[in-house]
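**Student:** For reference, the structure I am asking about is given below.
The numbers here are math on the coordinates, done by the rules we state, and not lab data. Note that this is a predicted model, so its numbers are computed, not measured. Cβ: placed from backbone, ideal geometry, glycine included. Neighbour counts: every protein chain shown.
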Amino acid sequence: MLRVNELSHAYGGGRWRGSAGSAAANVLQDVSFELEPGCCLGVLGASGAGKSTLGKIVLGLQRPSAGQVLFDGCDLYASRRRDIAGVRRNLQAVFQDCYSAVNPLMTAEAIIGEPLRNYERLSASELKRRTGELLERVGLSAADGSKRPSEFSGGQLQRVNIARAVALGPKLIVLDEPISSLDRVHQVLILDLLAELKASLGLSYLFITHDIQAAMALCDRAAVMDSGRIVYRTDDPSSLLEAKHETVQRLASAILPEHPALRVPWEG
């Protein structure tokens, strides 16, 4: 369903107003992978590894310096605009910052209904019914549709974002650190919701995260990135904590013990 071929990308390296520009910063180098229908691929890495840039390119938001992104056989950066338009409804996203991902002046009903208004012809009553069902599907109530983003907790608003992402029944959702800004309790609840939606709706996920435990809970396969490259792959994410690769071990060492007394104090 999704095939990424030898993807590379660099920022900078140009000239501005006649002054010498800085050397290009390579954030992705020869990244390749495939994602099958109904699968969740975890893309793990520390900050600066290139994960979010990869997510933007897969979503069609950032043209790569080199390489291909094929979604259902359509090259996102070489196909005609009208061909790509047909792909858009099947490719959705949930981002890390649930508040900046929505218009603060819109109600939850309007936020979730936006993709439905863009792609489907629905009467006002049918649109209201569909958005109410979507709210209930993600663990909220239809009555929450009249609330604005400021009236939700972070975990609740992320559920609104998830409802918007699944509204059109997409094939693939790019999840870019969707739980990292939430407390641990809400992280677990959102992961459970994502797993349930994946199973019941047959969704595929590209799950971008730095959290090995989250990847182990949700993913079917995992790829670990470092300095813009995929340096480790596994078809068994449950084995990540036992992996001997240096980059994976660094991510594993960042996991805090559950009890504060067992945490190593920071020395600054």
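**Student:** If R₀ is 30 angstrom, what is the calculated FRET efficiency for the pair Arg63 and Ser153, using the beta carbon separation as r and rounding to 0.05?
**Tutor:** Values: r = 36 Å, r/R0 = 1.21.
Approximately 0.25, to the nearest 0.05.
**Student:** Moving on to the next point. Give me, ordered by chain and number, the residues 5 or more places off Cys74 or on other chains with an amide H under 5 Å from its own placed amide H.
**Tutor:** none
**Student:** Hey, what do the phi angles of the range 82-99 turn into as Karplus ³J(HN,Hα) couplings, whole Hz, using 6.51/-1.76/1.60 and θ = phi - 60°, x for Gly and Pro?
**Tutor:** Ordered by residue, 3J(HN,Hα) equals 5, 6, 5, 4, x, 7, 3, 5, 8, 10, 10, 9, 10, 9, 5, 8, 5, 7 Hz.
**Student:** Further question: Just to check I understand the Karplus step: with θ = phi - 60° and J = 6.51 cos²θ - 1.76 cosθ + 1.60, what whole-Hz values come out for the range 211-226, glycine and proline as x?
**Tutor:** Result, ordered by residue: 9, 4, 5, 5, 4, 5, 6, 10, 8, 8, 9, 9, 10, 9, 10, 8 Hz.
**Student:** Right, next: Take the alpha-carbon centre of the range 89-137, take the same for the range 142-182, and report the distance between them in whole Å.
**Tutor:** Comparing the Cα centres of the range 89-137 and the range 142-182, I get a distance of 9 Å.
**Student:** Can you check what the net charge comes to around His186, using other residues whose Cβ is under 13 Å from the Cβ of His186 (Lys, Arg +1; Asp, Glu -1)?
**Tutor:** Values: positive: Arg159, Arg184; negative: Asp183, Asp192.
Once all neighbours under 13 Å are counted, the net charge is 0.
**Student:** Can you list the lysines whose alpha carbon is less than 27 Å from that of Lys147, not counting same-chain residues fewer than 8 positions off?
**Tutor:** Here the lysines satisfying the reach criterion relative to Lys147 are Lys128, Lys198.
**Student:** Each residue of the range 150-159 in order: what ³J(HN,Hα) in whole Hz does its phi give by Karplus 6.51 cos²θ - 1.76 cosθ + 1.60, θ = phi - 60°, with x for Gly and Pro?
**Tutor:** Along the range 150-159, the couplings run 5, 8, 10, 6, x, x, 5, 5, 5, 5 Hz.
**Student:** Using 7 Å Cα-to-Cβ label points, what is the Ile255/Tyr99 separation (nm, one decimal)?
**Tutor:** 3.1 nm
**Student:** Amide H to amide H, which residues 5 or more places from Leu28 or on other chains are under 5 Å from it, using H placed in the peptide plane?
**Tutor:** His9
**Student:** Which residues' amide hydrogens lie under 5 Å from the amide hydrogen of Cys40, considering only partners 5 or more residues apart or on another chain, with H built in the peptide plane?
**Tutor:** Hits under the 5 Å cutoff: Tyr205, Asp220, Arg221.
**Student:** Rounded, prolate or oblate for the range 104-169? Axes are the square roots of the Cα gyration tensor eigenvalues, ordered a ≥ b ≥ c, and the cut-off for rounded is a/c under 1.5.
**Tutor:** Numbers: a/c = 1.66, a/b = 1.56, b/c = 1.07.
Prolate shape, in that a/c is at least 1.5 and a/b is the bigger ratio.
**Student:** Shifting gears a bit: Which of the following values of Cα Rg over 2.2 N^0.38 Å was calculated from the structure shown: (1) 1.24; (2) 1.07; (3) 0.96?
**Tutor:** (2)
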